[in-house]
1. Give, as a single signed number, the net charge of other residues whose beta carbon lies under 14 Å from the beta carbon of Ala107, with Lys and Arg counted +1 and Asp and Glu -1.
2. Just want to confirm a number: the relative contact order over the chain, from Cα pairs under 8 angstrom separated by 6+ residues, in percent.
3. Which whole-Hz couplings ³J(HN,Hα) result when phi for each residue of the range 28-35 is put into the Karplus expression 6.51 cos²θ - 1.76 cosθ + 1.60, θ = phi - 60°, listed in order with x for Gly and Pro?
4. Rounded, prolate or oblate: which fits the chain, taking a ≥ b ≥ c as square roots of the Cα gyration tensor eigenvalues, rounded meaning a/c under 1.5, else prolate when a/b beats b/c?
5. Compute the FRET efficiency between Ser34 and Lys89 as 1/(1 + (r/R0)^6), taking r as their Cβ-Cβ distance and R0 = 22 Å, and round to the nearest 0.05.
6. Taking R0 as 30 Å, what's the FRET efficiency between Ala20 and Val71 from their Cβ-Cβ distance, rounded to 0.05?
7. Sorting check: for 101-111, 86-96, which peptide has the highest mean count of neighbouring beta carbons within 10 Å, and how do the rest follow?
8. Keeping every protein chain present and rolling a 1.4 Å probe, give me the accessible area per residue for the range 64-111 in Å².
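The values are calculated or read from the model by the stated rules, or taken from the named source; none is laboratory data. Predicted model, so just to flag it, every value in this text is computed and none were measured. Neighbour counts run over all protein chains shown; Cβ positions are idealised from the backbone, glycine included. Side chains are part of the model used for accessible areas, which takes the heavy atoms of the whole protein and leaves out ligands, DNA and RNA. Shrake-Rupley method; radii C 1.70, N 1.55, O 1.52, S 1.80 Å.
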Amino acid sequence: MADRPLDANTRLAAERNRLALERTMMAWTRTSTSLIAFGFTVYQIFRYLSTSDRLRDPIVSPQVFGIAMIVVGLIALILAWIQHLQELKALRADFGPMRYSIASIVAAMVAGLGLIALLGVTLRL
């Protein structure tokens, strides 16, 4: 279908589908950002409480909990990114070339920040 010109309705439908994929990817990016930030924040709060004599022996160490939340956020972001690329590839196969995904760029930047947070927690910065 990609070898002949598309009529206006089909072209607009394909564009709406592409934009829906972008919105879905941005929703996953927001969710992953929340998980990463939550993990880093909880780690910092528990670390502060353990040094101020308010909390001595937590059941789950703040480092383990923080790392778990950050890893869950990163894994969710990577899986969403893979699915996003697969769906865009299928859309391109059906409707021809389309614009590049800005949501993929944002997801890559958030993943980079997540890796920095993960390193910060594991190296106890």
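1. Surrounding charge for Ala107 is 0.
2. About 39 percent, as a whole number.
3. Listing the rounded values in order: 5, 5, 5, 4, 5, 4, 5, 5 Hz.
4. Note, shape of the chain comes out prolate.
5. 0.20
6. Calculated value: 0.60.
7. 101-111, 86-96
8. Accessible area per residue, the range 64-111: 58 Å².
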